[in-house]
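Take a look at the structure below.
The values are calculated or read from the model by the stated rules, or taken from the named source; none is laboratory data. In this text, all values refer to a predicted model and were calculated from it rather than measured experimentally. Backbone-built Cβ (ideal geometry, glycine too); neighbour counts: all protein chains shown.
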Amino acid sequence: MFKLSSKYLDMRKIADSGQIFRFNKIADEGYDLIAADKHLRIKKLIENEEANTYELDCSEKEYNEIWKEYFDMDTDYGIYTKNLDPEDEYLLKACEYSKGIRILRQDKWEMLISFIISQRKSIPAIKSSIEKLAKNFGTEIEKDIYAFPKPEAILNADETLLEACGLGYRLPYIRAAARAVLEDGVDLYNLDNLSDEELVDKLKEFKGVGVKVANCVLLFAYHRIGAFPIDVWVEKILNNHYNKSFPMDRYKGYAGVLQQYMFFYEREMSNVKLK
C-alpha cells in the first residue's frame with residue numbers, strides 16, 4: 001500500500017471530471033481505476049483543506065514508475081489559479097469549487113477510441129460502451145477486470161459483438177482507427193514532437209475525429225494543457241459567461257486546466273438545480 005497526500009488532489013472530482021471513463025466510486029469511500037492494462041484501487045483516508053490523503057493498493061515502486069506520472073503529481077496545480085482575472089466571478093467560483101482536479105496522463109490509443117465513442121453520448125452511456133468493449137475484447141487483468149482492448153482485437157472483432165457494445169454510427173470509425181494504426185503505420189505514441197496545431201491536424205485524419213475530439217485527445221492523452229475542447233457544456237459556458245469567446249490569450253499554455261474546472265463546475269451546478 002502507498003499513501004498519497006496533496007491539497008490539489010481530489011479523486012472524486014477527477015473521476016467525475018469527464019476526462020476518464022474507467023474511474024468509479026465504490027463502497028467505503030473507495031475508487032476503482034482501470035487505465036489501459038493497469039488496475040488500481042484507491043481508498044480515501046483524510047479529506048480537509050490542508051491535504052487529501054488516499055491509500056493506493058500499489059507499492060511505492062509501482063507508484064513511482066506508473067501512477068506518479070499518471071496523476072501528474074510533479075506539477076503544482078496551484079500555479080494555474082494564481083493569475084485569474086479578479087473580475088471573472090464565474091471562473092473564480094469554478095476554480096475554487098473544482099480544486100483537486102488534475103489532468104491525467106492517459107493512454108493515447110484508449111483516449112482516441114474513448115472520445116470517438118463519446119460523441120453524442122452521455123457519460124454513463126460512454127462508460128457502458130467502453131466496459132462492454134473491454135469485457136468482450138480486452139485481456140483479463142484480474143478476475144472480471146479487463147484491459148482496454150488493443151487495436152488488433154478491435155480490427156479482428158466479430159461485427160455482431162462490436163455492435164452489441166452500443167457503438168452505433170461510431171463503429172466504422174473505431175474499426176478505421178484500428179486499421180490506421182495496424183495497417184497504415186500511424187504511430188500514436190510517436191507524435192509528441194508535433195506542435196499542438198500539427199497534432200490536431202494529424203488526429204483529424206482519423207475518420208470520425210473532428211476538432212472537439214482531437215482537442216480532447218490532445219489534452220487528456222498528450223497532456224497539451226493549452227488545448228481547450230468545446231463540447232455542449234463548454235459551449236453553454238461560453239455563451240452564458242464569455243460572450244462566446246474565452247480569453248485564451250490571458251491563460252495561454254494552460255487554458256485546458258481551466259476548461260476542466262469550468263466543465264466540472266457547470267455540470268455539478270446543473271445537477272444541484274435538478275435536485
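Before moving on, here are some points about what is shown:
- Only one of the numbered conditions (1) in contact with a strand residue (DSSP E or B) (Cβ under 8 Å, 6 or more places away or on another chain); (2) surrounded by fewer than 17 Cβ atoms within 10 Å (Cβ to Cβ); (3) within 25 Å of residue 271 (Cβ to Cβ) is not met by residue 14, and that is (2).
- Within segment 210-235, if we keep just the residues that are in a loop (DSSP other than H, G, I, E, B) and out of contact with any helix residue (DSSP H, G or I) (no Cβ under 8 Å at 6 or more places or on another chain), the residue that is surrounded by the most Cβ atoms within 10 Å (Cβ to Cβ) turns out to be 223.
- Of all residues in segment 78-100, those that are free of Cβ contacts under 8 Å to residues at least 24 places away in the same chain and within 21 Å of residue 15 (Cα to Cα) have Cβ atoms under 9 Å from Cβ atoms of residues that are assigned to a helix (DSSP H, G or I) and of a type in the set (S, T, N, Q), 6 or more apart or on another chain, in 96/81.
- For the condition more than 29 Å from residue 71 (Cα to Cα) and not β-branched (Val, Ile, Thr), residue 226 does not qualify.
- Filtered by the rule that a residue be of a type in the set (Gly, Ala, Ser), touching a helix residue (DSSP H, G or I) at 6+ places or on another chain (Cβ under 8 Å) and under 23 Å from residue 221 (Cα atoms), segment 236-275 gives a lone residue, 256.
- Screening segment 116-131 for residues that are surrounded by fewer than 17 Cβ atoms within 10 Å (Cβ to Cβ) and in contact (Cβ under 8 Å) with a residue 12 or more places away in the chain and picking the one that is nearest to the chain's Cα centre (by Cα) gives 123.
- Per the listing 54, 80, the residue uniquely out of contact with any strand residue (DSSP E or B) (no Cβ under 9 Å at 6 or more places or on another chain), crowded, with 20+ Cβ neighbours inside 10 Å and over 25 Å from residue 150 (Cβ atoms) is 80.
- Those helices (runs of 4 or more DSSP H) of segment 131-199 in which 3 or more residues are closer than 26 Å to residue 212 by Cα occupy 151-155, 171-182.
- Scanning segment 221-275 for residues that are out of contact with any Phe, Trp or Tyr (no Cβ under 7 Å at 6 or more places or on another chain), under 21 Å from residue 118 (Cβ atoms) and among the aliphatic types (A, V, I, L, M) yields a count of 6.
- Breaking point among (1) within 19 Å of residue 96 (Cα to Cα); (2) within 17 Å of the chain's Cα centre (by Cα); (3) of a type in the set (Lys, Arg), for residue 212: (1)
- Assessment of segment 182-202 against the conditions (buried (at least 18 other Cβ atoms within 10 Å of the Cβ), under 18 Å from residue 21 (Cα atoms) and under 19 Å from the mean Cα position of the chain (by Cα)) yields no matching residue.
Residue by residue, here is whether (1) part of a helix (DSSP H, G or I); (2) out of contact with any strand residue (DSSP E or B) (no Cβ under 9 Å at 6 or more places or on another chain); (3) surrounded by fewer than 21 Cβ atoms within 10 Å (Cβ to Cβ); (4) modelled with pLDDT of 95 or more holds:
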{"position": "19", "(1), (2), (3), (4)": "no, yes, no, yes"}
{"position": "28", "(1), (2), (3), (4)": "no, no, yes, no"}
{"position": "45", "(1), (2), (3), (4)": "no, no, yes, no"}
{"position": "69", "(1), (2), (3), (4)": "yes, yes, yes, yes"}
{"position": "84", "(1), (2), (3), (4)": "no, yes, yes, yes"}
{"position": "94", "(1), (2), (3), (4)": "yes, yes, no, yes"}
{"position": "99", "(1), (2), (3), (4)": "no, yes, yes, yes"}
{"position": "106", "(1), (2), (3), (4)": "no, no, no, yes"}
{"position": "112", "(1), (2), (3), (4)": "yes, yes, no, yes"}
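- Residue match in segment 86-99 (condition: of a type in the set (A, V, I, L, M) and touching a Leu at 6+ places or on another chain (Cβ under 7 Å)): yes
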